Amino acid sequence: MPTLPQLSIVDAKGAIDRREISCLEYVQALVDQQAKTESLNGFVYFNPEELLQSARVLDESLAARTGQMSLAGIPLAIKDNIDCVGMPTAAGTAALRNAAPRANAPVVARAIEAGALAAGKANMHELAFGCTNDNRFFGPARNPYDPSRIPGGSSGGSAVLVASGAVPAALGTDTGGSVRIPAALCGLVGFRPTHGRYPSAGVVPISPTRDTVGPIARTVSDVMLLDEILSGSGSALPVVDGVCDFRLAVPYSTLWEGLSPDARPVLEGALQKLKDAGFELVDVNLRRYPFFRAQKSATIPFFEFGGAVDRYLETGGVAVTFAEIVAQIRSPDVVRIVSEILGPGAISPTEYAEALIARERSRTSYEECLRDVEADALLFPTTLMPACNIGSETVAVGSEALDVFAAYTRNTEPGSNAGVPGITVPAGLTKAGLPVGLALDGAPYSDQRILQIGKEMERVLCAATFPRLGAHI
């Protein structure tokens, strides 16, 4: 029998609706769990008394008692770059540590309207420019499966809080893999929607062309519910029983190359389970398609960053300048990136315009690729290896030593650049007990199909014994 911190959103909401537990009882259990796992540094802002009071108020409301709100009584962690009234939006950086938003970001407003409680602000890689969450201002977030290792990033705190049982789900943001990477490294489900599916206002940006909010949860059913709310679609996905005609394209010669020795047997074993369950898997050569060919993938975000942050500050009335933010960056890797963006090698308008054209070609080529092989989605390892140690600068990929950022974003970057939907589902644990994930990328606007396939993958791969909380919890 799962404990309250182990419940999914769907299960917790069902228990609240049936009055088996109150909102207050549920939230108290999560607050107690957070106290036990505080050393993982998932929250950068957390007010337990305020959260408990919100639960008391909700218990007294008619909507909560009759189950009229789909998230009534469910606490969600909010990534520190997403505006939530009453909590600072620091974006993981010193200059914004006291920034007080005037209004909720639309995604937060939609969740709260559905009855969700804002649990607190989740740790993140500083300014979202990284995949380790080794934040030198707030301190590193730590992987619940092994606290000496990274949780992934930039939405690392969001994943830590879900995997440790402090919240059942969280909101993150994804520009190059920042939802899916931490979800995979922490044994969770992470979803990047088609760019534009969710509103993007009220989020400290890197790149408006590429940024999107995305949910992290323990189950695909929970992600489906959050997608319904965040997208404003107003209707749940139809229930699908058993394997449908799912045909997946597997890029064996590209995205499956370079797997670490500990991840490979888990991921190849997961492939076999999918085959045995009736999934049709076909090979595809990605080198034929523009979205996979070598591109200067940083061109668009590097060009857009400064102007986008200026607009966010002005729109939100934040009394901090972009120059002040840059001057107070603490994380050495982010200092290097921002120096490159603003230095003599800064992206020119011509390079930016060419990158936008290339991005659009990449976007349409996903449709072409999947149409050519008559497949629903690409299937590939979310990351090439499980979580590395905090502080690592390089990791082994085959015979090469690659920069950590390049290694962990290699497989998530193409879909991020194209703005197509993608999901990661837990594939299993390595012999050392570290999670790895399997990912899907689909054609633009195939979000609902991707979620349906992800749900069936989860049914096949995630046995009841698979730990959905960090191993040491």
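Each row is one residue, and each column tells you yes or no for (1) in contact (Cβ under 8 Å) with a residue 40 or more places away in the chain; (2) hydrophobic (A, V, I, L, M, F, W, C); (3) surrounded by 15 or more Cβ atoms within 10 Å (Cβ to Cβ); (4) over 30 Å from VAL266 (Cα atoms).
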{"residue": "ILE347", "(1), (2), (3), (4)": "yes, yes, yes, yes"}
{"residue": "ARG361", "(1), (2), (3), (4)": "yes, no, yes, yes"}
{"residue": "CYS369", "(1), (2), (3), (4)": "yes, yes, yes, no"}
{"residue": "SER399", "(1), (2), (3), (4)": "no, no, no, no"}
{"residue": "THR409", "(1), (2), (3), (4)": "yes, no, yes, no"}
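Is it true that GLU314 is part of a helix (DSSP H, G or I), exposed (fewer than 15 other Cβ atoms within 10 Å of the Cβ), at pLDDT 95 or above and touching a helix residue (DSSP H, G or I) at 6+ places or on another chain (Cβ under 6 Å)?
Considered against the rule, which asks whether it is part of a helix (DSSP H, G or I), exposed (fewer than 15 other Cβ atoms within 10 Å of the Cβ), at pLDDT 95 or above and touching a helix residue (DSSP H, G or I) at 6+ places or on another chain (Cβ under 6 Å), GLU314 comes out as no.
Would you mind telling me which numbered condition in (1) more than 19 Å from the chain's Cα centre (by Cα); (2) surrounded by fewer than 24 Cβ atoms within 10 Å (Cβ to Cβ); (3) over 30 Å from LEU429 (Cβ atoms) SER148 fails?
So the condition that SER148 fails would be (3).
Could you list, in sequence order, the residues of region 366-388 that are assigned to a strand (DSSP E or B), closer than 30 Å to ASN135 by Cβ and touching a strand residue (DSSP E or B) at 6+ places or on another chain (Cβ under 6 Å)?
Across region 366-388, the qualifying residue is only PHE380.
How about region 320-345: which of its residues are closer than 20 Å to THR132 by Cα, touching an Asp or Glu at 6+ places or on another chain (Cβ under 9 Å) and not in a helix (DSSP H, G or I)?
ILE329, ARG330, SER331, listed by residue number.
Yes/no matrix, rows are residues, columns are (1) closer than 26 Å to LEU438 by Cα; (2) touching a strand residue (DSSP E or B) at 6+ places or on another chain (Cβ under 8 Å); (3) β-branched (Val, Ile, Thr):
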site	(1), (2), (3)
ARG97	no, no, no
ASN104	no, yes, no
HIS125	yes, no, no
SER154	yes, yes, no
LEU188	yes, yes, no
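List the number of the failed condition for ILE74; all other conditions in (1) in contact with a Leu (Cβ under 9 Å, 6 or more places away or on another chain); (2) surrounded by fewer than 18 Cβ atoms within 10 Å (Cβ to Cβ); (3) aliphatic (A, V, I, L, M); (4) under 30 Å from ILE206 (Cβ atoms) hold.
(2)
Just to be sure, is VAL397 farther than 28 Å from GLU304 by Cβ, touching a helix residue (DSSP H, G or I) at 6+ places or on another chain (Cβ under 8 Å) and either hydroxyl-bearing (Ser, Thr, Tyr) or at pLDDT below 95 (or both)? Spell out the reasoning first.
Numbers: farther than 28 Å from GLU304 by Cβ: yes; touching a helix residue (DSSP H, G or I) at 6+ places or on another chain (Cβ under 8 Å): yes; either hydroxyl-bearing (Ser, Thr, Tyr) or at pLDDT below 95 (or both): yes.
Yes; evaluated as a whole, the condition is true for this residue.
Conditions tested, residue by residue: (1) at pLDDT below 95; (2) touching a helix residue (DSSP H, G or I) at 6+ places or on another chain (Cβ under 8 Å); (3) under 17 Å from ASP222 (Cβ atoms).
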| position | (1), (2), (3) |
| --- | --- |
| ARG18 | yes, no, no |
| TYR45 | no, no, no |
| LEU52 | no, yes, no |
| LEU58 | yes, yes, no |
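Could you please find all residues in region 134-169 being touching a Cys at 6+ places or on another chain (Cβ under 8 Å), of a type outside the set (S, T, N, Q) and part of a loop (DSSP other than H, G, I, E, B)?
Matches in region 134-169: PRO144, TYR145, ILE150, PRO151, GLY152, GLY153.
Surrounded by fewer than 24 Cβ atoms within 10 Å (Cβ to Cβ), in contact with a helix residue (DSSP H, G or I) (Cβ under 8 Å, 6 or more places away or on another chain), at pLDDT 95 or above and not in a helix (DSSP H, G or I): which single residue out of ASN104, ASN98 fits that description? Explain how you work it out, then say what you get.
On the way: ASN98 fails: in contact with a helix residue (DSSP H, G or I) (Cβ under 8 Å, 6 or more places away or on another chain).
Going through ASN104, ASN98 in turn, just one is surrounded by fewer than 24 Cβ atoms within 10 Å (Cβ to Cβ), in contact with a helix residue (DSSP H, G or I) (Cβ under 8 Å, 6 or more places away or on another chain), at pLDDT 95 or above and not in a helix (DSSP H, G or I): ASN104.
Does ALA109 fit the bill of being of a type in the set (A, V, I, L, M), part of a loop (DSSP other than H, G, I, E, B), over 19 Å from VAL162 (Cβ atoms) and at pLDDT 95 or above?
On the way: of a type in the set (A, V, I, L, M): yes; part of a loop (DSSP other than H, G, I, E, B): no; over 19 Å from VAL162 (Cβ atoms): yes; at pLDDT 95 or above: yes.
Spelling it out, it is not the case that ALA109 is of a type in the set (A, V, I, L, M), part of a loop (DSSP other than H, G, I, E, B), over 19 Å from VAL162 (Cβ atoms) and at pLDDT 95 or above.
The values are calculated or read from the model by the stated rules, or taken from the named source; none is laboratory data. The structure presented is a predicted model; accordingly, all values stated were derived computationally and were not measured. Virtual Cβ from ideal backbone geometry, glycine too; neighbours counted across all protein chains shown.
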